[in-house]
Amino acid sequence: MRIEINDPRLFGIKRERLMLKQIEASLVNHPMVILSGSRKVGKTTVFLQLAAKTANAEYIDCELTEDVKRLESLFYEEDDVLLLIDEIQRLPRCQDWIQYLANKANNISTFRVVCTGSVAACMEILSRGKAGGGRSSYIHMPVITYLEYLYITSAISCYDVDLMKVEYKESFYDYMRLKGAEQFSIGPINREYIERSASDMREAEQSTRVVSTLLDTNIDDIKNAFILLSYRLAQEWVYDDIFKTPIIGNNELQMVVSDQLRAFEEFGKFSVLAAARSSMSDEQIARALRYLLWNGLAVYESVSTDYGDQMSSILTTLYLGKEEAYTAGFVQKLFARGNTIFAVNPLIYSALSDELFDILEEIVSNNSRNSCFSTLISRIKQKLSSRKKLGFIADRPVLGSWVECYLKGSFARMTTFPPFRVYKFNDPSGREVDIVGSFPKAMIEVTVQRKDKTANNVNFHLFRKGTEPCILTTNRTFGVETMSGVEVMKIPYPMMAAFLDRGELPKIEYVKEVTNV
């Protein structure tokens, strides 16, 4: 199907998604691009944008019988074509088609293929199997990124702009609410969304004939996954910001409410694991985690005491989706030594619907031993219900927490395929760096929400290894500072987020050059 620039599905969308640029760049060196991404992240929009600007592009919707027949005709009759195949896991004999398309694209330089799928695990398996061997490029598409927001709202003129010279102002706070970018709304995650996602899993398993426990996810697994992500909202680092000083009444009344909340002893020791166990078994938690990680919705963060990039055997079993992941003690080991999960992009929380919170609240309210969880979920629901239309939590007190969450997610996305992972490092005295990189190596400390932490007690020199860049993200400070003999880049957090979205780290030499002007 030929797509015109004035296609009604592109109405109101005037700016290209960053993913379109990444696909075009990948096609220079790869005959096939395999694109994954959760439902509603904009994969079809990217295809329509690419088709509208490419003369020999043909868009194939695998849900339409006539499009499938058109694909067969194009495959056998056309050599100069860019095939854009949407939701390829719905294509009959999907695995065979991937093989045929990859073979032809590898032999004919003018025949190129880009295909999408909503099941990241399936697309990853296909890219490493039938279309592997370096012939295909695998890309995972996230929710709208901060860098895209800057471009969509005309804060930057192009994605290749000099990020050191951008005027960021309040843009990250505005991004959290998607202010001025309402055309890229995030659809609600409700029962319908969950049922459709489970159906995608079943279709992928049947059409690809891939034997993997990664594709046996069901409705309950996906529902539990989002419940687990909702519980993450109540983790202590968020709890302090959301509930310590409720924005109601005068200061005296706020203190009374805060004291009442603190009266629950469980609040002081609240954790994702404790909350999840109030409603799920270890096996259910493991299956929910697997869905979050393999669909690029969450980052697994582990604490390293030896500064290394070797994955633990526990996380490896989760990668492979083996049944060992469901044995007794797995979940305890997974969360041992401070290991935890974060949303890859905090904007996902603006999509969690009231319907999902009703399910969650019903689950925890049925367990009288954990009545505090029901109270807590009600408070979170109340807080989220105050978000602006198509936006995010608008209160500034949570901004610092979401900055750290976003940087962890964008760094993990830049350096790994799903399931995403990131390390933090604790030295023997207990001090930590928030993000410890693998490739490219970097150590990033987030200080936006740590009002009491100064540059003098960051102590990067304790973690210094070779020539890895040390980066201190701040509120507005920009430049290079020597701390205990180590040069540290001080970068405003919006600038750092934009660099990570573009898959780069700022170079210390350039920071010096810009600040000396």
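See the values below:
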| read-out | value |
| --- | --- |
| Output for segment 50-65, where each listed residue is part of a strand (DSSP E or B) and either over 22 Å from Trp97 (Cα atoms) or hydroxyl-bearing (Ser, Thr, Tyr) (or both) | Tyr59 |
| In segment 187-222, residue surrounded by the most Cβ atoms within 10 Å (Cβ to Cβ) [restricted to those that are acidic (Asp, Glu) and more than 19 Å from Pro418 (Cα to Cα)] | Glu203 |
| Long-range neighbours under 6 Å by Cβ, at least six apart or interchain, first residue under 14 Å from Ile444 (Cα atoms) and outside any strand (DSSP E or B) within segment 462-485, second at pLDDT 75 or above and charged (D, E, K, R) | Glu468/Lys441 |
| Hey, Asp79 at pLDDT 90 or above, on the phi < 0 side of the Ramachandran plot and not hydrophobic (A, V, I, L, M, F, W, C) or not | yes |
| Scope segment 41-54; condition more than 22 Å from Ser73 (Cβ to Cβ) and surrounded by 18 or more Cβ atoms within 10 Å (Cβ to Cβ); matching residues | Val41, Gly42, Lys43, Thr45, Val46, Gln49 |
| Residue among Leu101, Leu84 that alone is of a type outside the set (Val, Ile, Thr) and part of a strand (DSSP E or B) | Leu84 |
| Complete set of residues in segment 469-489 that are in contact with a Ser or Thr (Cβ under 8 Å, 6 or more places away or on another chain) and surrounded by 21 or more Cβ atoms within 10 Å (Cβ to Cβ) | Leu472, Thr473, Val488 |
| Hits in segment 50-101 (condition: over 30 Å from Arg15 (Cα atoms), charged (D, E, K, R) and in contact (Cβ under 8 Å) with a residue 40 or more places away in the chain) | Arg93 |
| Of all residues in segment 87-97 being among the hydrophobic types (A, V, I, L, M, F, W, C) and assigned to a helix (DSSP H, G or I), the one that is farthest from Glu203 (Cα to Cα) | Trp97 |
| Within segment 406-420, tally of residues that are touching a helix residue (DSSP H, G or I) at 6+ places or on another chain (Cβ under 9 Å) and either closer than 27 Å to Cys122 by Cβ or of a type in the set (Phe, Trp, Tyr) (or both) | 10 |
| From Met32, Met1, residue being at pLDDT 90 or above and in contact with a strand residue (DSSP E or B) (Cβ under 9 Å, 6 or more places away or on another chain) | Met32 |
| Residue count for segment 175-210, restricted to those that are part of a helix (DSSP H, G or I), in contact with a helix residue (DSSP H, G or I) (Cβ under 8 Å, 6 or more places away or on another chain) and either of a type in the set (S, T, N, Q) or under 20 Å from Tyr149 (Cα atoms) (or both) | 5 |
| Residue tally, condition within 25 Å of Lys21 (Cβ to Cβ) and either of a type in the set (A, V, I, L, M, F, W, C) or surrounded by 16 or more Cβ atoms within 10 Å (Cβ to Cβ) (or both), over segment 55-73 | 7 |
| In segment 96-115, the residues that are over 21 Å from Ala25 (Cβ atoms), over 27 Å from the mean Cα position of the chain (by Cα), surrounded by 17 or more Cβ atoms within 10 Å (Cβ to Cβ) and not basic (Lys, Arg) | Trp97 |
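The values are calculated or read from the model by the stated rules, or taken from the named source; none is laboratory data. This is a predicted model, so every value here is computed, not measured. Methodologically, a virtual Cβ is constructed for each residue, glycine included, from the backbone with ideal geometry; neighbour enumeration extends over all protein chains shown.
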